[in-house]
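The values are calculated or read from the model by the stated rules, or taken from the named source; none is laboratory data. Being a predicted model, the structure only gives us computed values, none of them experimental. Using ideal geometry, Cβ is built from the backbone for each residue, glycine included, and neighbour counts are taken over all protein chains shown. Ligands, DNA and RNA are excluded from the accessible area calculation, which covers all protein heavy atoms including side chains. Shrake-Rupley method; radii C 1.70, N 1.55, O 1.52, S 1.80 Å.
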Amino acid sequence: TVVFDKTGTLTTGHFQVSSMEADTVSSQRLLSILLTLEEKSTHPVAQAVTRYALQEGAGRIGVTHLQEYPGYGLEGVIEGKNVLVGNIRLLTDRGIIVPAGISERVATVVVCAIAGKYAGHLLLSDTLKADAVEAIGRLKQLHIDNIQLLSGDKKEIVAIFAKTLGIRHARGGLLPEDKAAYLEKLNAEAGVSAAFVGDGMNDAPVLALSDVGIAMGADAAIESADVVIQTDQPSKVATAISIGRATRRIVKQNIAGAIGVKSLILIAGACGFVTLWAAVFADVGVALLAVLNSVRILS
């Protein structure tokens, strides 16, 4: 089973703001608040909001008591007022009412609340990486049919990406701890070996829990991953699996060949049919053949 994270792994993670709506404050004031909080985060959505706010000429405001909640958003105090910026769940968990139509949008939504009241929102969109479809196709060619997609993004968005990619099992609206719990459940199933592929954004715990953690070059993920893909190409997952399978075949061939030849020479030697040179071949020659056989992996 190969389980993919979505944002930054199968998608580019370079979000673009498609629209903005301010409610209780002006658009410029909303952008300044968003910039002040979001620029403190390394999440792709936060970085996209920061880029947009700077492009629109927003200025920074002083903030205190800044706190980031992975999978939710950020909280801070600006000019004495508590400010929340993040996904809809962050606001609803605090009992803040968000207009119903916003949650129905098929887009990534960043909402803002000031002093316990909804203040406005941004809509963002993401795109698949150039080789994302190829990545899934190559895994299926390797007879890996159980491919899954996990994401903290909205379920409707995850479903659209999953359909485009040809992935039947997809789950959205997951927090980092939800992903970890799901991987633990998957690992507990008999006969299942689960590989998780992530870009490192909140993925480190899940990478550590999976049978094989595959990181796509992110520093946080490298520490807990078993395999590191140094490029930003999800299609390299299939390449890594192919290399792993070929390596295992060659290891088995080397073990069987070495033990087989040595056993034959040993039996022949016991019967008095082996010369010194045959014994040398059984030792050094077999080792050389194993090395030459292993070199085939380079092709």
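Of interest is the spacing of the C-alpha centroids, which for segment 189-211 and segment 108-167 amounts to 18 Å. Take each peptide in 85-96, 268-279, count the other Cβ atoms within 10 Å of every residue, and average; sorted highest first, the result is 85-96, 268-279. For the chain, a Gaussian network of Cα nodes joined below 10 Å ranks G120, G137, G257 by mean-square fluctuation, and the top entry is G257. Dividing the convex hull volume of the alpha-carbon atoms in segment 253-295 by its residue count gives 46 Å³ per residue.
The simple Förster model, with R0 at 45 Å and r as the Cβ-Cβ distance, assigns I97 and S242 a FRET efficiency of 0.30. Here the Debye sum runs over all C-alpha atoms of segment 113-249 as equal scatterers in vacuum, and log10 of I(q)/I(0) at q = 0.10, 0.16, 0.22 Å⁻¹ comes out as -0.37, -0.90, -1.64.
Among the GluC sites (Glu not before Pro) found in segment 121-193, those both in a DSSP coil and sparsely packed, with 12 or fewer other Cβ atoms within 10 Å of their Cβ, are E189.
At q = 0.09, 0.12, 0.20 Å⁻¹, what is the log10 ratio I(q)/I(0) for segment 13-170, with the Debye formula run over Cα points and no solvent? For the requested q values the scattering log ratios are -0.33, -0.55, -1.23. This model, with +1 at the C-beta of Lys and Arg and -1 at the C-beta of Asp and Glu, gives the chain a dipole about its Cα centre of some 800 debye.
Short-range pairs are left out: with C-alpha atoms under 8 Å and at least six residues apart, the relative contact order of segment 1-138 is 29 percent. In this structure the chain gives 51 Å² per residue of accessible area when probed at 1.4 Å with all protein chains present. With R₀ set to 41 Å, the beta-carbon distance separating A258 from L54 gives a calculated FRET efficiency near 0.05. Helices meeting the span-like rule in the chain (full DSSP H runs, Cα extent of at least 24 Å along the helix axis, mean Kyte-Doolittle score of -0.5 or higher): 236-270.
Backbone amide hydrogens, once placed in the peptide plane, bring T108 within less than 5 Å of L124, excluding anything fewer than 5 places away on its chain.
With one equal scatterer per alpha carbon and no solvent term, the Debye-computed log10 I(q)/I(0) for segment 7-93 at 0.17, 0.21 1/Å reads -0.70, -1.08.
In loop segments of segment 189-249 as defined by DSSP, there are no trypsin sites (Lys or Arg not before Pro) with at most 14 further C-beta atoms inside 10 Å of their C-beta.
Beta bridges assigned by DSSP with both partners in the chain are antiparallel in approximately 65 percent of cases.
Could I have the simple spin-label model distance between V251 and T275, label points 7 Å from Cα toward Cβ, reported in nm to one decimal? My value for the distance between the label points is 3.7 nm.
Rg/Rh for segment 70-119 (Cα atoms only, Rh after Kirkwood) is 0.96. The relative contact order of the chain, computed from alpha carbon pairs under 8 Å that lie at least 6 residues apart in sequence, is 17 percent.
Counting only residues at least eight positions apart within a chain, or on another chain, the lysines with an alpha carbon under 26 Å from that of K6 are K40, K129, K140, K154, K155, K163, K179, K185, K236.
Using bins 5 angstrom wide from zero, how does P(r) for segment 219-280 break down, in % of all Cα pairs? All Cα pairs, binned at 5 Å, distribute as 4, 14, 14, 13, 10, 8, 8, 7, 7, 7, 5, 2, 0 percent.
Of the listed values [x] 21.1; [y] 20.4; [z] 22.2, identify the label whose number matches Kirkwood radius over Cα pairs in Å calculated from this model. Matching entry in [x] 21.1; [y] 20.4; [z] 22.2: [z]. So if the hydrodynamic radius of segment 179-296 is defined as the Kirkwood radius over C-alpha pairs, what does Stokes-Einstein give as its diffusion coefficient at 20 °C and 1.002 mPa s, in µm² per second? Estimated via Stokes-Einstein, D reaches 123 µm²/s.
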